[in-house]
Amino acid sequence: MILVTGGTGFIGGAVVRALVARRERVRTLDNDWRGSRASLSDIAEKIEIVNGDIRDPLVVFEASRGVKSVIHLAAVNGTENFYNRPDLVLEVGVKGIVNVIDAARASGVENLFVMSTSEVYQTAPIVPTDESAPMVVPDPLNPRYSYGSSKIISEMLALHASKIARTCVVRPHNVYGPRMGFEHVIPQFVGRMLPLMKSSGTIRFPIQGTGTETRSFCHIDDFVRGFLVVFDRGENRNIYHVGSEEETSVCTLAEKIARYFGREIEIQTTPLTQGSTPRRCPNIGKIKKLGFKPQISLDEGLQSTIAWYEKNQPPATRSEEHVMAQT
């Protein structure tokens, strides 16, 4: 039996589906705060679904009974949440990992996979960045670092306090795709583009920063493939990047989204929010040695992602600051 915490979320749900496709026995634990069990309705009869809060130790203990492997994804993600709800981000992150470790040890869990983030580096000293780069919290007063801080704590506890036979940390890098939520740069750019389509000619498109800031986006299908490589072959007390080495500027991303709609845009730059990272791209050499290679280009992955958000339009009530925020 495999327990997936945060199993009804964007990444969690994709991992659950992949495990079910491999005929694994899967149990999910989620309170559906950001995800929805309805998203797994077509495979509901093939999995056990537990509705509960990762902050409740009794709930986590019960969900861990009879489990051989735990995949811990439960967290409050989304740049907008980091700024607006840093207390909740930290509470869910820290209480969640403590409860997972305590329950896993009590239940005799053999494998623990902890989902971390590229946010632990903040501004990495070397790009592309490998797993040895130092984890940094530049300013504890900036709520932007609440998520990265919670993941640094989670990694340290998992690697040094879990005492579980095999513990692996996975650091996703800007995973995207349909159903990823609305608090990320791709759906937010789509959400800004849609109402601007009513105007004619070149569209003036405001973004945060100069537009030269970069990210390396990893499609959800590629991420799941990479995670399964770690699940199958990852070594105890090791950290693995899962992402793409295709680095893209924010300006280029906006232009790609505009081209999907057949429009040209004029980028309007604004000051970068304090705490934003100017460049992020992973070195994935370590997981490549285990057999992983990304297969989906950003151009290909954007097609289905934008189409989904065009149909399921993001809420219009976003502040300018966060609508233009970068992940």
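The alpha-carbon of Lys288 sits under 29 angstrom from the alpha-carbons of these lysines, leaving out residues fewer than 8 places away in its chain: Lys68, Lys151, Lys163, Lys256.
Please identify every one of the trypsin sites (Lys or Arg not before Pro) in the stretch 2-108 that sits in a loop by DSSP and has no more than 15 other beta carbons within 10 Å of its own beta carbon. Write out the running numbers ahead of the final one.
Numbers: sites: Arg17, Arg22, Arg23, Arg25, Arg27, Arg34, Arg37, Lys46, Arg55, Arg65, Lys68, Lys95, Arg105; in loops: Arg22, Arg23, Arg25, Arg34, Arg55, Arg65, Lys68.
Of the trypsin sites (Lys or Arg not before Pro), the ones in loops of the stretch 2-108 whose Cβ has at most 15 other Cβ atoms within 10 Å are Arg22, Arg23, Arg25, Arg65, Lys68.
Proximity of backbone amide H atoms, modeled 1.01 Å from N, is registered between Val242 and Arg171, His173 at under 5 Å, excluding neighbours fewer than 5 places apart on the same chain. Considering all C-alpha pairs of the chain, those separated by over 35 Å amount to 18%. Averaging the sequence gap over all C-alpha pairs within less than 8 Å and six or more residues apart, then dividing by the number of residues, gives the stretch 103-166 a relative contact order of 47 percent. Take every pair of alpha-carbon atoms less than 8 Å apart whose residues are at least six positions apart; their mean separation over the length of the chain yields a relative contact order of 18 percent. Pairwise alpha-carbon distances in the stretch 45-159 exceed 25 Å for 28% of all pairs.
GNM remark for the chain: springs join alpha carbons under 10 Å apart, and the peak mean-square fluctuation among Pro206, Pro278, Pro134 falls on Pro134. For the stretch 76-119, the Stokes-Einstein estimate of translational diffusion at 20 °C and a viscosity of 1.002 mPa s comes to 181 µm²/s, using the Kirkwood hydrodynamic radius over alpha-carbon pairs.
A straight line joining the Cα centroids of the stretch 52-127 and the stretch 146-186 runs 7 Å. Summarising the overall dimensions of the stretch 239-299 from its C-alpha atoms, the Rg and Dmax are 15.4, 43 angstrom.
Of the residues Gly211, Phe10, Leu228, the one whose Cα sits farthest toward the positive end of the charge dipole of the chain, with +1 on the Cβ of Lys and Arg and -1 on the Cβ of Asp and Glu, is Leu228.
Taking GluC sites (Glu not before Pro) across the stretch 189-261, the ones in a DSSP loop with at most 14 further Cβ atoms lying within 10 angstrom of their Cβ are Glu235. In a Gaussian network model over the chain where Cα atoms closer than 10 Å are linked, find which of Met193, Met135, Met156 has the largest mean-square fluctuation. So, out of Met193, Met135, Met156, the one fluctuating most is Met156.
Could you tell me how many cubic angstrom of Cα convex hull volume the stretch 144-211 has per residue?
Numbers: hull volume 8.9 nm³, N = 68.
Once divided by residue count, the hull of the stretch 144-211 is 131 Å³.
Classified by the C-alpha gyration tensor, the stretch 210-260 has an oblate form. Its axis ratio a/c, with a ≥ b ≥ c, is 1.5 or above, and a/b does not exceed b/c. Each 5 Å bin from zero up to the one holding the largest Cα-Cα distance in the stretch 14-72 carries the following percent of pairs: 4, 17, 31, 26, 18, 5, 0. For a quick check, take a GNM of the chain with Cα springs below 10 Å and name the residue from Ser36, Ser199, Ser69 with the largest mean-square fluctuation. Taking springs between Cα atoms under 10 Å, the residue moving most is Ser199.
Among the DSSP beta bridges whose two residues both lie in the chain, what percent are antiparallel, rounded to the nearest 5?
The antiparallel proportion sits near 10 percent.
Relative contact order of the stretch 172-281: 43 percent, from C-alpha pairs under 8 Å at least 6 residues apart in sequence.
Just so you know, all these numbers are worked out from the coordinates, no wet-lab data involved. Source: prediction; values computed, not measured. All Cβ positions, glycine included, derive from the backbone under ideal geometry; neighbour counts span all protein chains shown.
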